[in-house]
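Novice: This is the structure, below, for whatever I ask next.
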Amino acid sequence: MKKTDVERKILLNPGPATTTDSVKMAQIVPDICPREKEFADMMKDIQKDLVRIVHGNPEKYTSVLFCGSGTINMDICLNSLLPEGKKVLIINNGAYSQRAAEICDYYDLDYINLEFAYNQQPDLEVISNVLAKDSDIVLVYTTHNETGTGLLNPIRKIGEIAHEHHAIFIVDTTSSYAMIPIDIEKDNIDFCMASAQKGLMAMTGLSFVIGNKKIIEESANYPKRSYYCNLYLQYDFFRKTGEMHFTPPVQTVYSVRQALKEYWEEGEVGKWERHTRVFRAIQDGIDRLGFQYLINKELQSGLVAAVRYPDDNNWDFAKVHDYCYLHGFTIYPGKISGRDSFRLCALGAIDEGDIERFFEVFTEALQMLNVQTPVKYNK
Ligand SMILES: *Cc1c(COP(=O)(O)O)cnc(C)c1O
């Protein structure tokens with residue numbers, strides 16, 4: 001297939017991420033019915049690879065694929081894994097765990113929304129105490145990299161506490177999977193999840209839950225709260241037929257196959273080193289211009305920099321965004337209510353040179369608007 005002459009854009013938003021030309025081109029394939037064996041074989045390989053990325057023993061863990069954006073995984077895990085009369089504990093220090101609480105509201109699931117400050121790791125003792133007091137809690141849910149702020153939660157420790165209390169641990173790893181090395185068993189994870197367009201650097205439309213087979217099988221008789229989005233039903237259909245129950249995102253699946261090939265070529269360590277290099281370059285640029293972060297550096301995941309708006313009347317995020325966009329760089333607003341911020345993320349097929357070029361353009365935008373640099377803050 002010919003190399004694309006599609007213009008290369010640098011996406012610094014928290015996914016979808018910049019993709020390689022080879023991943024883009026992998027979507028251009030002869031038309032195929034996804035019920036063909038050829039397609040099913042490809043799905044099986046992908047299913048295995050997704051487990052392998054988190055070092056899961058294939059006897060014990062599996063991946064279940066869905067057509068949808070990443071939120072579908074959150075919805076599925078919560079609505080499918082809760083037995084009648086039991087409770088979810090959501091450890092919530094950011095926008096994505098808040099979304100999980102909203103999902104529980106929509107399904108009328110019994111849950112405890114255990115909130116912590118957006119700029120702090122959750123208090124493990126508080127979590128322990130809540131679990132000790134309430135034996136109805138059977139699911140503990142949190143987010144690994146809180147994409148709104150870039151705060152990294154201590155999932156291994158939270159998982160340990162969950163297991164001490166015989167609860168299942170579900171982690172939203174959408175914005176860390178295939179970037180930050182994860183070991184599903186050592187990290188005490190029963191279920192994690194992601195979508196193809198973030199860490200894998202493929203296209204949007206395919207999402208997947210990776211988790212413990214035995215627990216999925218135990219959930220066979222739990223209440224079915226959704227027809228389309230049920231973990232056991234999809235697992236069972238795939239197990240019996242090798243196909244997704246309903247139409248998969250065909251072309252996205254081809255992009256995922258190519259993205260996985262490139263993942264193994266770059267390697268877990270090499271890839272994480274590259275993301276880290278990109279993130280350092282982002283931090284260097286931010287520091288040089290005097291910007292401040294929403295959360296302390298030592299709490300940052302190394303993938304998302306949430307940056308405070310400066311106290312300068314000439315600062316105008318929309319204008320800075322538009323200037324950068326025009327020059328091929330996409331930046332993204334923040335997600336913490338009441339705290340004006342924007343985000344620069346280290347996802348995707350980019351490297352430090354791209355970040356250096358970004359800061360040239362970004363600095364031009366500040367100069368054009370007469371924003372004083374280094375930027376200033378009143379407090
Ligand atoms: C991106 C993301 C999601 C999913 O968002 P979609 O818009 O549905 O793709 C879920 N959780 C986290 C932590 C994310 O970063």
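The values are calculated or read from the model by the stated rules, or taken from the named source; none is laboratory data. None of the values given here were measured: they were computed from a predicted structure. Neighbour counts run over all protein chains shown; Cβ positions are idealised from the backbone, glycine included. Surface accessibility is based on the protein's heavy atoms, side chains included, excluding ligands, DNA and RNA. Shrake-Rupley method; radii C 1.70, N 1.55, O 1.52, S 1.80 Å.
Novice: Does GLU102 satisfy being closer than 21 Å to ILE184 by Cα, surrounded by fewer than 18 Cβ atoms within 10 Å (Cβ to Cβ) and not polar (S, T, N, Q)? Give the derivation first.
Specialist: Working: closer than 21 Å to ILE184 by Cα: no; surrounded by fewer than 18 Cβ atoms within 10 Å (Cβ to Cβ): yes; not polar (S, T, N, Q): yes.
It is false that GLU102 is closer than 21 Å to ILE184 by Cα, surrounded by fewer than 18 Cβ atoms within 10 Å (Cβ to Cβ) and not polar (S, T, N, Q).
Novice: Can you pull out the residues in the range 46-103 that are of a type in the set (Ser, Thr, Tyr) and either within 16 Å of the ligand (Cβ to nearest atom) or more than 30 Å from TYR118 (Cα to Cα) (or both)?
Specialist: As a first pass, look at the range 46-103 and keep what is of a type in the set (Ser, Thr, Tyr): 61-63, 69, 71, 80, 96-97.
Selection gives TYR61, THR62, SER63, SER69, THR71, TYR96, SER97.
Novice: Of all residues in the range 202-235, which are under 13 Å from PHE191 (Cβ atoms), in contact (Cβ under 8 Å) with a residue 12 or more places away in the chain and either open to solvent by 10 Å² or more (accessible area, probe 1.4 Å) or not assigned by TED's automatic domain parsing to the domain that holds VAL250 (or both)?
Specialist: ASN212, LYS213, LYS214, ILE215, TYR232, TYR235
Novice: Looking at the range 304-316, is at least one residue open to solvent by 20 Å² or more (accessible area, probe 1.4 Å) and over 17 Å from TYR377 (Cβ atoms)?
Specialist: Scanning the range 304-316, I find no residue that is open to solvent by 20 Å² or more (accessible area, probe 1.4 Å) and over 17 Å from TYR377 (Cβ atoms), so the answer is no.
Novice: Going through GLU185, GLU273 one at a time, which residue ends up being assigned by TED's automatic domain parsing to the domain that holds TYR111 and of a type outside the set (Lys, Arg)?
Specialist: GLU185
Novice: Out of GLU298, GLU360, GLU364, GLU356, report the one residue that is closer than 22 Å to ASP21 by Cα and outside any loop (DSSP other than H, G, I, E, B).
Specialist: Just a single option satisfies the conditions, and that option is GLU356.
Novice: Same structure, new question: Please tell me if ASN119 is within 16 Å of the ligand (Cβ to nearest atom) and either within 21 Å of TYR177 (Cα to Cα) or in the same structural domain as ILE158 (by TED's automatic domain parsing) (or both). I'd like the intermediate steps shown before the answer.
Specialist: Values: within 16 Å of the ligand (Cβ to nearest atom): no; either within 21 Å of TYR177 (Cα to Cα) or in the same structural domain as ILE158 (by TED's automatic domain parsing) (or both): yes.
Spelling it out, it is not the case that ASN119 is within 16 Å of the ligand (Cβ to nearest atom) and either within 21 Å of TYR177 (Cα to Cα) or in the same structural domain as ILE158 (by TED's automatic domain parsing) (or both).
Novice: Moving on to the next point. For the condition within 16 Å of the ligand (Cβ to nearest atom) and polar (S, T, N, Q), what is the one hit in SER219, SER195?
Specialist: Values: SER219 fails: within 16 Å of the ligand (Cβ to nearest atom).
None of the other options fit; the residue is SER195.
Novice: Let me ask something else. Among the residues of the range 236-257 satisfying the criterion of being in a loop (DSSP other than H, G, I, E, B) and open to solvent by 50 Å² or more (accessible area, probe 1.4 Å), which is nearest to VAL23 (Cα to Cα)? If you could, list the steps in order and put the result at the bottom.
Specialist: In the first step, residues of the range 236-257 are kept if they are in a loop (DSSP other than H, G, I, E, B); the result is 242-249.
Still in the list and also open to solvent by 50 Å² or more (accessible area, probe 1.4 Å): 245-247.
Working: HIS245: 25, PHE246: 24, THR247: 21 Å.
So, considering only residues that are in a loop (DSSP other than H, G, I, E, B) and open to solvent by 50 Å² or more (accessible area, probe 1.4 Å), the one nearest to VAL23 (Cα to Cα) is THR247.
Novice: Which of the residues spanning the range 346-375 are free of Cβ contacts under 8 Å to residues at least 60 places away in the same chain and open to solvent by less than 40 Å² (accessible area, probe 1.4 Å)?
Specialist: GLY353, VAL361, ALA365, LEU369
Novice: Residues being in a loop (DSSP other than H, G, I, E, B), modelled with pLDDT of 95 or more and within 22 Å of the chain's Cα centre (by Cα): count how many of those fall in the range 302-351. First the steps, then the outcome.
Specialist: To start, the set of residues in the range 302-351 that are in a loop (DSSP other than H, G, I, E, B) comprises 302-303, 309-316, 327-328, 331, 334-340, 346-351.
The next check asks that each one be modelled with pLDDT of 95 or more; those that pass are 302-303, 309-316, 327-328, 331, 346-351.
Checking which are within 22 Å of the chain's Cα centre (by Cα) leaves us with 302-303, 331, 346-351.
Matching residues across the range 302-351 total 9.
Novice: Looking at TYR141, TYR106, TYR96, TYR111 in this structure, which one is among the hydroxyl-bearing types (Ser, Thr, Tyr) and closer than 22 Å to THR204 by Cβ?
Specialist: TYR96
Novice: Return yes or no: is ILE127 more than 16 Å from the ligand (Cβ to nearest atom), crowded, with 21+ Cβ neighbours inside 10 Å and under 20 Å from ASP75 (Cα atoms)?
Specialist: So ILE127 fails the test.
Novice: Let me ask something else. On the basis of being touching a strand residue (DSSP E or B) at 6+ places or on another chain (Cβ under 8 Å) and either farther than 18 Å from LEU152 by Cα or open to solvent by 20 Å² or more (accessible area, probe 1.4 Å) (or both), does PHE291 make the cut?
Specialist: Here the answer is yes, as PHE291 does meet what is asked.
Novice: Quick check on the range 134-189: of everything there that is on the phi > 0 side of the Ramachandran plot and open to solvent by less than 10 Å² (accessible area, probe 1.4 Å), which residue is nearest to the ligand (Cβ to nearest atom)?
Specialist: Only one residue tops the list, namely GLY150.
Novice: Test ALA318 against the stated conditions and say whether it is without any contact (Cβ under 8 Å) to a residue 24 or more places away in the chain and not polar (S, T, N, Q).
Specialist: Spelling it out, ALA318 is indeed without any contact (Cβ under 8 Å) to a residue 24 or more places away in the chain and not polar (S, T, N, Q).
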